[in-house]
Amino acid sequence: MDTSLLEFIDQVDSTNTYLMEQIASGRRLPQLHTVVGRQQTAGRGMRGNSWVSRQGDSVTCSLLLRSDMLQGREQFAVSEQEAAKCTLMAAVAIVRAMRKFGPEVVIKWPNDIYWGDRKLAGILIEHSLTGQRVDYSVVGIGMNVNDESFPPELPFAISLRMITGHSLLPMEILIRLHDQIAPLLPDFLLGHYADVHRTFMRQLYRPEGFHLFTDVQGQFRAQIKDVSPEGRLVLQREDGWERAYAFKEVRFDAE
């Protein structure tokens, strides 16, 4: 990994916000430039959720994906599909980087990384647009590394330290992440998603069998059939009926 791609900040409200502001100000940054916040005070998750980290406990970083690195091809149009593909690529890279800690590391749709039934990391993708075209994307990643405990409102959170029984070096985690995401980048920019999608599906949380879910109509049992190109979770109920759900239209229930 080229460590010149890393930019460390002692304290930052949100690494995603900081990185997007730097680019908007005219600062020219390379592909996969990564802002690392040693302490993040106002981190953001999907749909307004928050991610607050303490210094030394978490890896909070944002990676730059520059679509203008494409040659001879128009920058991609913003769509649910492009946002979903960014999340897919990031999730696969994180799981590959974390697999040394056991096969329990999986992707919980739509944007979380779990160890067993507990949350280890989260992903937030944001785009900068010119009209209907994406200039660049920012992949925000928050990962629990050295936390020894979590507050009561986060009963399902877990850290690598809690899994392994010892503290880890955040730099090691960052290097692992970059080493996994860099090989996926060419196919992402060229629109070759089939192999990554297959890997994503194999690494899903609750990939087989029927499990409990809840939507606006109540609780039901279903199995995961697919994740659509738009990022929707396709569930098949026990009677064979299928439906594709967007984020927050359905939830996984404890079993």
(request) Would you mind telling me the antiparallel percentage of the DSSP bridges in the chain, rounded to 5? (result) 90 percent
(request) Tell me what the chain gives for mean residue ellipticity at 222 nm when only DSSP H runs of n ≥ 4 count, each as -39,500 (n - 2.57), the sum divided by the residue total, rounded to 500 deg cm²/dmol. (result) -8000 deg cm²/dmol
(request) Sort the following peptides by mean Cβ neighbour count (other Cβ atoms within 10 Å, averaged over residues), highest first: 149-159, 243-253, 89-99. (result) 89-99, 243-253, 149-159
(request) Report, in debye and to the nearest 20, how large the dipole of the chain comes out about its Cα centre when Lys and Arg carry +1 and Asp and Glu carry -1 on their Cβ. (result) 180 debye
(request) Report the full-extension gain for the segment residue 195 to residue 243: residue separation times 0.36 nm, less the Cα-Cα distance, to one decimal in nm. (result) 14.9 nm
(request) Mind scanning 100/248; 119/225; 108/248 and naming the pairs with a C-alpha gap bigger than 19 Å? (result) 100/248; 119/225
(message) Using a 7 Å offset from the Cα along the Cα-to-Cβ direction at both residue 28 and residue 168, what is the distance between the two label points in nm, to one decimal?
(response) 3.7 nm
(request) Over all alpha-carbon pairs in the chain, figure out the percentage whose distance exceeds 25 Å. (result) 43 percent
(message) Can you tell me the length gained on complete extension of the stretch residue 154 to residue 214, counting 0.36 nm per residue apart and subtracting the Cα distance?
(response) 19.6 nm
(request) Just order 199-206, 187-194 by mean Cβ neighbour count inside 10 Å, highest at the front, would you? (result) 199-206, 187-194
(request) Take the solvent-accessible surface of the protein heavy atoms, probe 1.4 Å, and return the percent of it on the chain that carbon and sulfur atoms account for. (result) 49 percent
(request) Scan around residue 205 for amide H atoms under 5 Å from its own, H built in the peptide plane at 1.01 Å from N, and keep only partners 5 or more places away or cross-chain. (result) 107, 108, 109
(request) Would you work out the relative contact order for the chain, in percent, from Cα pairs under 8 angstrom that are 6 or more residues apart? (result) 17 percent
(request) Skip the ligands, DNA and RNA, and give the accessible area per residue of the chain with a 1.4 Å probe, whole Å². (result) 48 Å²
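The values are calculated or read from the model by the stated rules, or taken from the named source; none is laboratory data. None of these values were measured; they are calculated from a predicted model. So basically every Cβ, Gly included, is an ideal-geometry build from the backbone, and we count neighbours across all protein chains shown. In case anyone asks, the SASA skips ligands and DNA or RNA and just uses the protein heavy atoms, side chains included. Shrake-Rupley method; radii C 1.70, N 1.55, O 1.52, S 1.80 Å.
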